[in-house]
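The structure under discussion appears below in the form of structure tokens.
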Amino acid sequence: MLKITNLKAEIEGKEILTGINLEIKAGEVHAIMGPNGSGKSTLASVLAGRDIYNVTGGEIEFKGKNLLDLSPEERSREGIFLAFQYPVEIPGVSITNFMRAAVDEHRKHKGLKPMSAGEFLKFMKEKKALVELEAKLEGRAVNQGFSGGEKKKNEVFQMAMLEPTLSVLDETDSGLDIDALKIVANGVNKLKSKDTASIVITHYQRLLDFIVPDFVHVLYNGKIVKSGGKELALELEEKGYEEIKKEADKK
Amino acid sequence: MSNHNKLTKENLLALYNDSKSYISDSESHKKAIEFINNNDFPNSKTEDWKNTDIKKITKHNFTIYNNQSYKDKINDTFYIYDLNAIQIVFVNGRFSPINSNIEEINNSNIFVGSIKEGKEKHPNIFKKYYNTTDITNANIFSALNTAYAEDGAFIYLPKNTELEKTVHILYYSDGADTKGLIQNRNLVVAEENTKLEILTSYHALSYDTVLNNTVTEIFLEENSNAKMNIFQGEGEGAFQLNNLHISQQKGSTFESNTATLCGELVRNDLVVNLNGEYCQTNLNGFYLAEKEHIFDNFIKVNHLSANCQSNQLYKGTIDNNAIVSFFSKVYVAPDSQKNDANQSNKNILLSDYAKVYSMPQLEIYADDVSCAHGSTTGQLDKEALFYLRTRGISERIAKTLMLYAFISDVIVKIENKAYKDFLFFLINRRLKQEKIEGLCSHKICPSC
Ligand SMILES: Nc1ncnc2c1ncn2[C@@H]1O[C@H](COP(=O)(O)OP(=O)(O)OP(=O)(O)O)[C@@H](O)[C@H]1O
Ligand SMILES: [Mg+2]
């Protein structure tokens, strides 16, 4: 589904991604871990098409297409979803109007007719139930005045609305209380199928108890320096990154 | 004439050939002429006119339309669904009864009509109020209006009356091939305990260069309540000088909402005098400036008594090479205690060439007052734009959503639902850059 080959990206002349290789197949869950500032969010942003990052080398192939040729909106319609580490507040734009516009565009892309107002509200209600999003949030402006946890839930709600094939969750667990974590993880698991895949960026094993990864990768200095199964996360939890860092710095 | 292609004071006066005034008495007329003789066109050195490029206007030489009422029925007049208003129509500054609809006034003591007629019908009211503000001396154009305006609207509400329907005043220009100077002179008198709502809208019937010079005086007596919506959607070749003076007495409330959507140069001068205690005034407005538009709002609110409140909220977007000014001064007179004044102006620049001059100012001579003013000018939040796009929303729609939300803050303040819905519909289409011909303005659309 996704194939990243030797991806390099920079911002303001500073190289952040220094050669990433990663292949993800349908049905898989990949966890990406790594110390602060290693480039995890940068990778997520580059996948979503953020233009402040300059891709200086490498390729990204998504469902047979060259992802780097596509605008952020086209990537979304093709099935990529990024749950932001820091969701953006958009004053005055209601979640309903926002999701309506997004769902309309996705449907148009699939050659489907726009939903009627009634259908849309019903659809939204279903998806809200999935992430146990409080009703009062929907009348409000996108993320405006939301608590940290509400923002994260809202990301998963949007993911549920857009039914992506590849979702990238950037620290969706941070800031969530233990109940909310379960709800969010549950939501993500319900959306999982043999045709979809996810990249879960996290610092904590805790989330991976709920969303069990098939692979765990460690990103350091803009490169994947170690990959393994779900047991790698447990090992990291215990030992931290020191050893891996040393090893990588030697090379 | 030496200077044929340029507007001068001399050829402006010559247009009227020393004729008498149609509305003003000879004393007012004489004073207005004197003002014109003693002053020049405002220029870049004139206070408050630094950013209004008056040369845009004076490079044209204008003529006046022949002195005739517009007898043709205008097809598809500007129409707002469900507005259900009393309609009074002026074409080229003259009342056009055939296009108006003022029969449905619930109270026969109320007058809604042309100022020429109103002056005859209510001579004492006219005399008591007309030209009693210092609006004539605002500038040459307002003086010219006092000297030579031929017609305009007159609304009079006697004590304890209420206009149930909105009064919609439509100003059309139609000058096929003439660069016309149009003058409208309006007078609104609301006596004690009255209530009214006015919508004024400006439209063009043909693609002409017109100069629309409108002067309006509004008098709100004790405990009266007036709302005024101003819709500026004249053609791209239109110049509009809109001079509005509100005089409020104790316990009165005024609210305006000015929508500026097109015109080569639109300047709104708005002066509000809060003469009595417990007055409230809310001045709101939005503008969508693009191309080479010059849109200016000059506001002066004078708190001349204790316990008054004024609020201002102006927001707009500025694209291409457009230039926008917001100059607002709140003055609180000595001993006018317990006044509350808020000024807010917010702008979004959509191009590197667009310009904004924003200056909310306070001039306070009383100590027990609460005043706040703010001005922001920035670009669309790029992070927010990216966020919306990652959900599959095109850049254009994402911008529309954000700008719509930005402008909505001003529109939601409008009480009249029909007009509010119309504006929401209109700006949504306009922001999406969809054609809206025939909708926002008769024949000529402000966005096409
Ligand atoms: N817009 C930017 N301008 C300048 N530097 C940036 C920008 N975005 C990221 N960087 C830098 O790139 C590096 C990687 O940042 P990134 O956000 O990808 O790290 P991360 O792995 O997600 O860290 P964390 O675990 O703290 O979220 C950091 O050194 C960061 O300062
Ligand atoms: Mg990060």
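For the reader, a short list of remarks on this structure follows.
Conditions (1) open to solvent by 40 Å² or more (accessible area, probe 1.4 Å); (2) of a type in the set (V, I, T); (3) more than 22 Å from A:T5 (Cα to Cα), marked per residue:
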{"residue": "A:K192", "(1), (2), (3)": "yes, no, yes"}
{"residue": "A:T196", "(1), (2), (3)": "no, yes, no"}
{"residue": "A:L208", "(1), (2), (3)": "no, no, yes"}
{"residue": "A:D214", "(1), (2), (3)": "yes, no, no"}
{"residue": "A:H217", "(1), (2), (3)": "no, no, no"}
{"residue": "A:E238", "(1), (2), (3)": "yes, no, yes"}
{"residue": "A:E242", "(1), (2), (3)": "yes, no, yes"}
{"residue": "A:E247", "(1), (2), (3)": "yes, no, yes"}
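- A:K14 being surrounded by fewer than 16 Cβ atoms within 10 Å (Cβ to Cβ), near ligand 1 (Cβ under 10 Å from one of its atoms) and among the basic types (K, R): yes
- Tally of residues being of a type in the set (K, R) and on the phi > 0 side of the Ramachandran plot across region B:106-143: 0
- Enumeration of residues in region A:93-109 that are in contact (Cβ under 8 Å) with a residue 24 or more places away in the chain and over 20 Å from A:L133 (Cβ atoms): A:E105, A:H109
- Some residue of region B:11-21 being of a type outside the set (D, E, K, R) and open to solvent by 80 Å² or more (accessible area, probe 1.4 Å): yes
- Only one of the listed residues (A:L47, A:L112, A:L67) is more than 23 Å from A:L169 (Cβ to Cβ) and within 14 Å of chain B (Cβ to nearest Cβ). That residue is A:L112.
- Residues of region A:44-60 satisfying the condition of being within 16 Å of ligand 2 (Cβ to nearest atom) and open to solvent by 50 Å² or more (accessible area, probe 1.4 Å): A:I52
- Considering the conditions (1) within 16 Å of ligand 2 (Cβ to nearest atom); (2) within 14 Å of another protein chain (Cβ to nearest Cβ); (3) aliphatic (A, V, I, L, M), A:V142 is excluded by exactly one of them, (1).
- Candidate set: region B:344-360, residues that are free of Cβ contacts under 8 Å to residues at least 40 places away in the same chain and within 21 Å of the chain's Cα centre (by Cα); chosen: the one surrounded by the fewest Cβ atoms within 10 Å (Cβ to Cβ): B:M359
- In region B:22-61, the residues that are over 30 Å from B:E120 (Cβ atoms) and of a type in the set (A, V, I, L, M): B:I54, B:I57
- Test: residue in region B:377-398 that is assigned to a helix (DSSP H, G or I) and within 30 Å of the chain's Cα centre (by Cα): no
- Exactly one residue out of B:K179, B:K250 is more than 17 Å from B:R94 (Cα to Cα) and among the basic types (K, R), and it is B:K250.
- Residue within region A:166-182 that is modelled with pLDDT under 90, among the hydrophobic types (A, V, I, L, M, F, W, C), open to solvent by less than 30 Å² (accessible area, probe 1.4 Å) and not in a strand (DSSP E or B) present: yes
- Considering region B:302-320, and only residues there that are part of a loop (DSSP other than H, G, I, E, B) and polar (S, T, N, Q), the residue that is surrounded by the most Cβ atoms within 10 Å (Cβ to Cβ) turns out to be B:S305.
- Selection status of B:K179, more than 23 Å from B:S26 (Cβ to Cβ) and open to solvent by 20 Å² or more (accessible area, probe 1.4 Å): yes
- Meets criteria (of a type in the set (S, T, N, Q), more than 16 Å from ligand 1 (Cβ to nearest atom) and under 20 Å from A:D195 (Cβ atoms)) for A:S94: no
- Search result, residues across region A:92-109 that are more than 9 Å from every other protein chain (Cβ to nearest Cβ) and open to solvent by less than 30 Å² (accessible area, probe 1.4 Å): A:I95
- Scan of region A:197-241 for residues that are among the polar types (S, T, N, Q) and more than 26 Å from A:A9 (Cα to Cα), ordered by number: A:Q205
- Scanning region A:166-194 for residues that are within 15 Å of the chain's Cα centre (by Cα), polar (S, T, N, Q) and more than 13 Å from chain B (Cβ to nearest Cβ), we see that the one that is farthest from ligand 1 (Cβ to nearest atom) is A:N189.
- Considering region A:114-142, and only residues there that are open to solvent by 40 Å² or more (accessible area, probe 1.4 Å) and over 14 Å from A:R100 (Cβ atoms), the residue that is modelled with the lowest pLDDT turns out to be A:A135.
- Scan of region A:75-91 for residues that are of a type outside the set (A, V, I, L, M, F, W, C) and more than 8 Å from chain B (Cβ to nearest Cβ), ordered by number: A:E78, A:G79, A:Q85, A:Y86
Yes/no matrix, rows are residues, columns are (1) of a type in the set (D, E); (2) within 14 Å of chain A (Cβ to nearest Cβ):
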residue: B:V356; (1), (2): no, no
residue: B:D368; (1), (2): yes, no
residue: B:F386; (1), (2): no, yes
residue: B:A405; (1), (2): no, yes
residue: B:V412; (1), (2): no, yes
residue: B:N416; (1), (2): no, no
residue: B:K420; (1), (2): no, no
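- Selection of region A:61-91 for residues being open to solvent by 50 Å² or more (accessible area, probe 1.4 Å) and not charged (D, E, K, R) yields A:G64, A:N66, A:L68, A:Y86, A:P91.
- Complete set of residues in region A:26-43 that are more than 6 Å from ligand 1 (Cβ to nearest atom) and either hydrophobic (A, V, I, L, M, F, W, C) or open to solvent by 10 Å² or more (accessible area, probe 1.4 Å) (or both): A:A26, A:G27, A:E28, A:V29, A:A31, A:I32, A:M33, A:P35, A:L43
- Of all residues in region B:217-227, those being open to solvent by less than 10 Å² (accessible area, probe 1.4 Å) and in a strand (DSSP E or B) number 4.
- Per this entry, A:L47 is counted among residues that are of a type in the set (A, V, I, L, M), over 25 Å from A:E235 (Cβ atoms) and touching a residue at least 40 places away in the same chain (Cβ under 8 Å).
- Scanning region A:188-203 turns up at least one residue that is acidic (D, E), closer than 30 Å to A:L236 by Cβ, out of contact with any strand residue (DSSP E or B) (no Cβ under 6 Å at 6 or more places or on another chain) and at pLDDT 90 or above.
- Meets criteria (within 16 Å of ligand 1 (Cβ to nearest atom) and over 21 Å from A:M1 (Cβ atoms)) for A:K127: no
- Test: residue in region A:6-26 that is more than 14 Å from chain B (Cβ to nearest Cβ) and under 14 Å from the mean Cα position of the chain (by Cα): yes
The values are calculated or read from the model by the stated rules, or taken from the named source; none is laboratory data. If you're wondering where the values come from, they're calculated on a predicted model, not measured in any experiment. Reconstructed Cβ throughout: ideal geometry from the backbone, glycine too, with neighbour counts over all protein chains shown. In case anyone asks, the SASA skips ligands and DNA or RNA and just uses the protein heavy atoms, side chains included. Shrake-Rupley method; radii C 1.70, N 1.55, O 1.52, S 1.80 Å.
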